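**Student:** Provided herewith is a single structure, encoded as structure tokens, for subsequent inquiry.
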Amino acid sequence: MANDASAVSDAPSSAVSNSPLADPFSPPADSSLWRKNFLLGAATASYQIEGAVDEDGRLPSIWDTFSATPGKVLAGDTGAVACDHYHRWEADIDMLASLGLEGYRLSIAWPRVMDAAGRPNRKGLDFYKRLLNRLKEKGITSFVTLYHWDLPQHLEDRGGWLNRDTAYRFADYADLMSRELAGTVDAWATLNEPWCSAYLGYGNGHHAPGLANDRFATQAMHHLLLAHGLAIPVLRGNDPASQKGIVANIGRGTANSDSAADQRAAHLFEVQHNAWILDPLLKGEYPQDLFELWPGTEPLVLDGDMQTIAAPLDFLGINYYFRTNVASDGAHGFRDVPLEGVERTQMGWEVYPDGLRDLLTGFKKTYRNLPPVYITENGMASDDKVIDGHVDDAQRISFLKRHLAAVDQAIKAGVDVRGYFLWSLMDNFEWAFGYERRFGVVHVDYSTQKRTVKRSAELVAKFLKERKARV
Ligand code: GCO
């Protein structure tokens, strides 16, 4: 199904790929994307691009362990080399700047900057200092995520996110990083996608550390959110000028029929994907419906935890990729009912831009204290090939255009969305799918590490240049 162009309603015409003049990306004249203060950038994550996993004192992470375990990652791929960004960062930042991207969202590898006793690792810290200083010199706004899934293995050995103590170790790590990097970071995000860490890592075992138990998932989530809540005041104290927030992945669930049971199933899907994270952050409570879906999985919550978790945020990062069509499973849950004849990506994910708009406008209604939003990830994988030195990623161009239009619609409906980061700057290690799935707007040839700017990135760059030139 992937890349089935016949199913693309807004498919770029074939003239697009043949004509360098055609511009299928440019937003309409009334789009809020033309506002110069709407930040447009690209995102990456440490384990997915850095490589150099045992250099300069970096300790093993749960993803080193998991990807080295046979059968866990497609083709046995690991992040040992990835995009070799640890050595090629200068050229990569030049590339980012040459595309005119105004923001860069990166993550710090916790096992690179702290040893098992909590002492700083200077060499690892210096890597990020150099990188952040370079971004500053180039005038690129930096969004730094503290935890994008690469938990130090020594913490997992003591229970990982099932151990409450890990939340306190995270606050120590946030303290060290914000003391060391204050002044070079524009925005701090504590966690990336706690849903994936908790559910894929501890609930179904598809991600590191590979445990599979619903009770583990809810407890891991509680400790992740506690870690976030403990870190926020620490970041505020050490680096008052920066913004502080968190990044959540969200999912649109639609009902397969009008029946009450299917409508309820779609509701439960969104509770499990969205309210499980957003309710504790923005309302200070877990949604009770979650425990209808997973009876008996209430996490152990100590006095004061929910107030800690609900610490006010300067921004909420939203990662959006696709929707899931569901029906009742006949009991107290939902089951996926994949739709036929819809456009899908290389991941098999349905392309559904309206989901982004609908979720954003829905959150604005549900959460009166919804902070300003950044779309911290959006993008798609395609089986991109370099042909005669070029990569024509027509589906991605169409995808980005339609999702940016959905963001514009949400802004016009009153949601305060301040920026958008493409996932990803370059092709990289796509977790359990290894290197097969290419999400980048820049192609990476893993045998030579050659970067080739895809057509999508050229068009984004062209738009940014035009926007900048406007008076
Ligand atoms: C994510 C991830 C990225 C993935 C992307 C595509 O936050 O899920 O941050 O690391 O690569 O989402 O699956």
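**Student:** Determine which single condition Ser197 fails, assuming it passes every other condition in (1) assigned to a helix (DSSP H, G or I); (2) surrounded by fewer than 22 Cβ atoms within 10 Å (Cβ to Cβ); (3) under 19 Å from the mean Cα position of the chain (by Cα).
**Tutor:** Going through the list (1) assigned to a helix (DSSP H, G or I); (2) surrounded by fewer than 22 Cβ atoms within 10 Å (Cβ to Cβ); (3) under 19 Å from the mean Cα position of the chain (by Cα), Ser197 breaks only (2).
**Student:** Looking at Thr184, Thr190, Thr218, Thr166, which one is within 16 Å of the ligand (Cβ to nearest atom) and either hydrophobic (A, V, I, L, M, F, W, C) or at negative phi (or both)?
**Tutor:** Answer to the selection: Thr190.
**Student:** Next question. Name the helices (runs of 4 or more DSSP H) wholly within region 244-348 that hold at least 1 residues that are over 19 Å from Leu360 (Cα atoms), out of contact with any helix residue (DSSP H, G or I) (no Cβ under 7 Å at 6 or more places or on another chain) and aliphatic (A, V, I, L, M)?
**Tutor:** Values: elements: 260-270, 276-283, 290-293, 305-309.
So the answer is 260-270.
**Student:** Against the condition touching a Phe, Trp or Tyr at 6+ places or on another chain (Cβ under 7 Å) and either touching a residue at least 24 places away in the same chain (Cβ under 8 Å) or of a type in the set (Asp, Glu) (or both), how does Ile108 come out, does it pass?
**Tutor:** Judged against the criteria, Ile108 is a match.
**Student:** Of the residues in region 418-465, how many are among the acidic types (Asp, Glu), under 29 Å from Leu200 (Cβ atoms) and assigned to a helix (DSSP H, G or I)?
**Tutor:** The total comes to 0.
**Student:** Inside region 305-353, can you point out the residues that are farther than 30 Å from Pro240 by Cβ and of a type in the set (A, V, I, L, M)?
**Tutor:** Val326, Ala327, Ala331, Val337, Leu339, Val342, Met347, Val351
**Student:** Given Pro209, Pro120, which one is surrounded by 18 or more Cβ atoms within 10 Å (Cβ to Cβ) and of a type outside the set (Gly, Ala, Ser)?
**Tutor:** Pro209
**Student:** While we're on this one: Go through region 289-333 and give me each residue that's of a type in the set (D, E, K, R) and either at pLDDT 95 or above or crowded, with 17+ Cβ neighbours inside 10 Å (or both).
**Tutor:** Residues satisfying the conditions are Asp289, Glu298, Asp303, Asp305, Asp314, Arg323, Asp329.
**Student:** Quick one: is Trp149 within 16 Å of the ligand (Cβ to nearest atom) and in a helix (DSSP H, G or I)?
**Tutor:** no
**Student:** Now for a separate question. Test Val407 against the criterion of being outside any strand (DSSP E or B), modelled with pLDDT of 95 or more and under 17 Å from the mean Cα position of the chain (by Cα), and give yes or no.
**Tutor:** yes
**Student:** If you take the residues in region 200-215 that are touching a Ser or Thr at 6+ places or on another chain (Cβ under 9 Å) and in contact (Cβ under 8 Å) with a residue 60 or more places away in the chain, which one is farthest from the ligand (Cβ to nearest atom)?
**Tutor:** Checked region 200-215; the qualifying residue farthest from the ligand (Cβ to nearest atom) is Arg215.
**Student:** Next question. Starting from region 239-255, keep only residues that are within 16 Å of the ligand (Cβ to nearest atom), then list their pairs with residues that are in a strand (DSSP E or B) and among the hydrophobic types (A, V, I, L, M, F, W, C) whose Cβ atoms are within a distance under 6 Å, requiring at least 6 positions of separation or different chains.
**Tutor:** Pairs that qualify, where the first residue is within 16 Å of the ligand (Cβ to nearest atom) and the partner is in a strand (DSSP E or B) and among the hydrophobic types (A, V, I, L, M, F, W, C), are Gly245/Ala189; Gly245/Phe315; Gly245/Leu316; Ile246/Ala189; Ile246/Leu191; Val247/Ala189; Ile250/Ile318.
**Student:** Also, I was wondering about something else. Can you name the residue in region 24-77 that is in a helix (DSSP H, G or I) and within 23 Å of Ala406 (Cβ to Cβ) and is also farthest from the ligand (Cβ to nearest atom) among such residues?
**Tutor:** Ranking the qualifying residues of region 24-77, first place goes to Trp34.
**Student:** Here's something else I'd like to know. For region 430-470, how many residues are within 15 Å of the ligand (Cβ to nearest atom) and aliphatic (A, V, I, L, M)?
**Tutor:** The total comes to 4.
The values are calculated or read from the model by the stated rules, or taken from the named source; none is laboratory data. Not measured: the values here are computed from a predicted model. Glycine also receives a Cβ, built like all others from the backbone with ideal geometry; neighbour counts cover every protein chain displayed.
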